[in-house]
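Only one structure is covered here, and it is reproduced in the block below.
Here, each number is a calculation from the coordinates, and none is a lab measurement. Only a predicted model underlies this, so the values are computations on that prediction, with no experimental measurement involved. Here the Cβ is made from the backbone with ideal geometry for all residues, glycine too, and neighbour counts use every protein chain on show.
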Amino acid sequence: MNFHEMAAAYVLGTLDPEERTAFETQLAQDVSLRREVASFEETMAAAAGQMVQAPPPSHLRDRVLAEARAARPIRTHSGTRRKRGSTWVPWVLAAAGLAATTVATLAYRAASDREADLAATLAASQDALAERDSLLATFLGPGVRTASLAATGQAPSMNLYWNPDAGRLVMAAYNLPPAQENRVYQLWGIQQGLDPVSLGTFQTGADGRALIAQTVPAGFDFDLSAVTEEPAGGSPQPTSTPFLAGNWSAAQ
C-alpha cells in the first residue's frame, strides 16, 4: 500500500503507530498528498453530517413524559368515612370498570405506538450504519482512485472516490446551488476518444452540498469526469457545456 492509498486510513485514524509516523513524514514534504488528505477530511465531514444516527421522533419524548406525569400514585386518606347508602355502589363499580377498560385500551395503544416508533428509529439507524460501512469500504479499499473537479473562477467543487474492485463511486459536492426547476446535474465519466458515460444524476440540498454513492459497472475506465446541467431525468449524452471537470488519478 502506497502513501496515497493510506490517505483515507490516516484521516479515519486506522493506521498503526509505525504507519502513521511514516505517513506524516511523507505528508510534510508531499503537496499532492496533503491535498488528498484535505479532500478526504472534507468528504468525511460531509459524511458525518449525513450519516448521524437517526434521532427518535420528537413526539415520542413528549408522549412518554405526558404518560409519566399522568401516572401519579393514588393518594389514600386515613380515618373512617361516613357510611353512605348502597344504591350508588353498582353505578360506581360500573364506572370504575369502564374507566379501567378505557385506561387499559389507551395504555395498549400507547405501547403499540411507542413500539412502532422505536422500530422505525432502529431501522433508520441500521440503514445509516450500513451506508456508513459501505462508504468506508469504498474509501479504504485497495486501488481507490480519486478526482477533484473544479470550475475556473467559481465556487463549486467536487471530490470523487472510485473503487473499481467494488464497482462503487462516492461523490461529494460543495457550494453548488440546487439545479433549476425541471433540471438536474449529471456526472460523466470520460475516456479519451470515446463518448462520455453517464455516472448518474443528482441534486444538491439548500446548503449546496450532496454526498451520493453510485454503482459503476465492472470494466469501465475513465481519464476524467465532468458535470453538466441537464433536463430532469438526465440525458444519454451531455447537452450543455460542463461547468465542473477534473482528471482521475492514475490506477495504482
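Key figures
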{"item": "Calculated FRET value between residue 194 and residue 155, using beta carbons and R₀ = 35 Å, to 0.05", "result": "0.70"}
{"item": "Per-residue Cβ neighbour rank within 10 angstrom, fewest leading, 212, 190", "result": "212, 190"}
{"item": "Exposure proxy ranking, count of Cβ atoms within 10 Å, fewest first, for 188, 162", "result": "188, 162"}
{"item": "Potential lengthening between residue 35 and residue 240 on full extension [0.36 nm per residue; Cα-Cα distance subtracted]", "result": "70.8 nm"}
{"item": "For residue 15, residues with placed amide H under 5 Å, excluding near neighbours", "result": "none"}
{"item": "Phi to ³J(HN,Hα) by Karplus 6.51 cos²θ - 1.76 cosθ + 1.60 over the range 158-174, Hz, x for Gly, Pro", "result": "8, 10, 10, 10, 10, 10, x, 5, 8, x, 10, 10, 10, 10, 10, 10, 9"}
{"item": "Local electrostatic count at residue 243 - Lys and Arg +1, Asp and Glu -1, tallied over other residues with Cβ under 15 Å", "result": "-1"}
{"item": "Mean Cα-pair separation over length for the range 142-252, i.e. relative contact order, pairs under 8 Å, 6 or more apart, %", "result": "32"}
{"item": "HN-Hα J in Hz across the range 20-34 - Karplus 6.51, -1.76, 1.60, θ = phi - 60°, x for Gly and Pro", "result": "5, 4, 5, 5, 5, 5, 5, 4, 5, 10, 10, 5, 5, 5, 5"}
